[in-house]
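Student: Pasting a structure here, questions to come.
The values are calculated or read from the model by the stated rules, or taken from the named source; none is laboratory data. None of the values given here were measured: they were computed from a predicted structure. Backbone-built Cβ (ideal geometry, glycine too); neighbour counts: all protein chains shown. For accessibility, only protein heavy atoms count, side chains too; no ligands or nucleic acids. Shrake-Rupley method; radii C 1.70, N 1.55, O 1.52, S 1.80 Å.
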Amino acid sequence: MTRATPAPRVFLDAAGHAPVHPQARAVLLEAVDQGWADPRRLHAEGRRARMLLDGARESIAAHLGSRPAELRFAGSHVTALHTAVRGVTRGRHRLGRDVVASAVERAALLHAARFTTTDGDAPGTTALIPVDRTGRVAVDQFVARLGAGGVALAALQHANGEVGTLQPVPEVHAAARQAGVPLLVDAGSSVGHVPVSDAWDLLAADAGDWGAPVGLGLLAVRPRVRWAPDWPEDDDPWFPGGVSVPAALAAAAALDLARSDLSVEDAHRRALVSRIRTEVPIRVPDVQVMGPDDARLPHVVTFSCLYVDGEALVTELDRAGFAVGSGSACTSSALEPSHVLAAMGALTHGNIRITVPRGTEAAQVERFLEVLPAAVATVRSALGVEGL
Amino acid sequence: MPVIMLARAAASLPGGSLVTVITTDPAARLDVPAWARMRGHAVVDDRPAPSRPDEVRITVRLSGNG
């Protein structure tokens with residue numbers, strides 16, 4: 001008797017939740033045994049946890065180009081971004097009330113900016129700087145807004161996690177320094193994938209994105225940045241309650257691993273993404289592939305299919321064995337389509353976002369390219385849009 | 001999807017025709033111009049009626065001479 005074996009799953013939605021590296025998993029379990037105690041206690045068990053936590057901090061800080069004392073652990077990437085925006089806008093409220101950010105920052109950062117600038121007796125504004133069709137921010141407009149004064153905080157992502165576009169961070173950081181405004185760089189989609197420069201005043205990163213177990217965000221803050229908490233005081237003034245020591249150790253191990261094969265994985269995944277960018281428009285009619293050909297993350301690619309319901313396409317691909325993301329309305333638990341696609345003037349429906357985890361095989365991508373045209377055709381046929 | 005209804009309407013009209021989409025779907029504000037670019041049509045107006053600010057109201061001139 002024979003039985004058809006189902007095709008193995010192919011996971012292409014690694015943004016913020018990459019598959020956990022087996023060695024990082026092993027470190028996590030070991031750290032639960034060794035570092036379970038409260039690192040703030042003075043006894044031997046607490047001191048051991050403290051030592052492990054300090055080691056993880058030193059290791060991650062070295063990769064981020066920060067000093068260990070500058071690096072704080074947060075419970076999540078979202079918490080790190082919220083806290084950075086809240087702390088700096090409060091600390092600098094006598095110097096400025098406004099937040100300047102690219103229109104394609106992560107939603108958590110934009111929500112925090114709107115929250116702080118509309119709060120209180122003397123609210124400011126959140127100024128969104130537009131991007132071009134590839135998702136790159138308009139540097140001249142960013143610089144002009146910084147020069148206009150009244151700015152508490154500027155924010156520019158290192159790379160866009162939905163489209164892959166690298167942003168001109170060094171140029172904007174130079175202008176921010178000249179204006180005396182701290183720049184928050186969201187490197188949540190890039191750390192562990194491409195090198196990060198030291199052009200930042202605050203740097204946020206996401207351990208789950210580089211193959212660590214989820215539940216750890218990072219925020220590095222230069223000592224020159226003025227800030228003040230708008231939350232109760234604690235031994236850890238930035239992130240009250242401290243952090244899971246095992247999570248920090250696993251994140252350090254996973255980042256070591258990611259950095260050790262960074263250039264190999266860069267070339268490998270860049271080739272896979274390039275193949276998708278070339279083949280999808282050939283194999284599927286009426287498709288827009290987004291983002292620049294160069295100056296991009298190696299592992300992120302996004303495209304939109306005309307006359308296709310994004311939710312239906314994600315479901316159809318899932319049925320065929322492929323996990324992918326989408327920025328279309330209703331697929332990202334939002335009623336509105338992705339603000340990133342909107343800011344780029346791109347087609348927002350029928351959107352598929354692929355984030356290639358490290359170790360993905362070329363054959364898996366080839367299978368995806370074989371399955372995609374039929375999946376799109378099925379969804380289009382259900383809508384009766386052939387020939388339009 | 002409004003853009004599909006628009007494409008259906010456009011399929012039966014001569015080039016140069018003006019077609020107006022009126023919808024409450026916020027995605028149409030982005031998708032109709034993107035569709036027009038892909039198909040070579042021109043967006044000639046994109047303003048909601050003053051009394052209906054939540055509405056999307058976009059007029060497209062179809063390509064070709066008809």
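Student: Give the number of residues within segment B:1-11 that are open to solvent by 50 Å² or more (accessible area, probe 1.4 Å) and either away from every other protein chain (no Cβ under 11 Å) or not small (G, A, S) (or both).
Tutor: Going through segment B:1-11 one residue at a time, the tally reaches 3.
Student: Any idea which of (1) open to solvent by less than 20 Å² (accessible area, probe 1.4 Å); (2) in contact (Cβ under 8 Å) with a residue 60 or more places away in the chain; (3) of a type in the set (S, T, Y) is the one A:T117 doesn't satisfy?
Tutor: Of (1) open to solvent by less than 20 Å² (accessible area, probe 1.4 Å); (2) in contact (Cβ under 8 Å) with a residue 60 or more places away in the chain; (3) of a type in the set (S, T, Y), only one is false for A:T117: (2).
Student: Separate question: Given the conditions (1) outside the structural domain of A:G241 (by TED's automatic domain parsing); (2) of a type in the set (K, R); (3) crowded, with 23+ Cβ neighbours inside 10 Å, and given that A:R9 satisfies all but one, which numbered condition is not satisfied?
Tutor: Unmet for A:R9, out of (1) outside the structural domain of A:G241 (by TED's automatic domain parsing); (2) of a type in the set (K, R); (3) crowded, with 23+ Cβ neighbours inside 10 Å: (3).
Student: Taking only pairs six or more apart or across chains, which ones have beta-carbon atoms under 6 Å, a first residue in segment A:282-298 that is touching a residue at least 12 places away in the same chain (Cβ under 8 Å) and within 14 Å of chain B (Cβ to nearest Cβ), and a second residue that is among the β-branched types (V, I, T) and in a loop (DSSP other than H, G, I, E, B)?
Tutor: Once the first residue is touching a residue at least 12 places away in the same chain (Cβ under 8 Å) and within 14 Å of chain B (Cβ to nearest Cβ) and sits in segment A:282-298, its partners that are among the β-branched types (V, I, T) and in a loop (DSSP other than H, G, I, E, B) give A:M290/A:V163.
Student: Can you find, within segment A:68-85, the residue that is farthest from A:H111 (Cα to Cα) among those that are touching a helix residue (DSSP H, G or I) at 6+ places or on another chain (Cβ under 6 Å) and either open to solvent by 10 Å² or more (accessible area, probe 1.4 Å) or not assigned by TED's automatic domain parsing to the domain that holds A:A187 (or both)?
Tutor: For segment A:68-85, the residue satisfying everything is A:P68.
Yes or no, residue by residue, for (1) open to solvent by 30 Å² or more (accessible area, probe 1.4 Å); (2) more than 14 Å from chain B (Cβ to nearest Cβ); (3) among the aromatic types (F, W, Y); (4) in a loop (DSSP other than H, G, I, E, B):
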{"site": "A:A312", "(1), (2), (3), (4)": "yes, no, no, no"}
{"site": "A:L317", "(1), (2), (3), (4)": "no, yes, no, no"}
{"site": "A:L341", "(1), (2), (3), (4)": "no, no, no, no"}
{"site": "A:R353", "(1), (2), (3), (4)": "yes, yes, no, no"}
{"site": "A:T360", "(1), (2), (3), (4)": "no, yes, no, yes"}
{"site": "A:V365", "(1), (2), (3), (4)": "no, yes, no, no"}
{"site": "A:L369", "(1), (2), (3), (4)": "no, yes, no, no"}
{"site": "A:A374", "(1), (2), (3), (4)": "yes, yes, no, no"}
{"site": "A:V385", "(1), (2), (3), (4)": "no, no, no, yes"}
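Student: What are the pairs, 6+ residues apart or on separate chains, where a residue within segment B:20-33 that is open to solvent by 30 Å² or more (accessible area, probe 1.4 Å) has its Cβ under 6 Å from a residue that is at pLDDT 90 or above and polar (S, T, N, Q)?
Tutor: Here the result reads B:T20/B:T59; B:L30/A:T348, each pair linking segment B:20-33 to a residue that is at pLDDT 90 or above and polar (S, T, N, Q).
Student: Go through the residues of segment B:42-64 one by one and say whether even a single one is surrounded by 18 or more Cβ atoms within 10 Å (Cβ to Cβ), at the interface with chain A (Cβ under 9 Å from one of its Cβ atoms), touching a residue at least 12 places away in the same chain (Cβ under 8 Å) and under 26 Å from A:H339 (Cβ atoms).
Tutor: no
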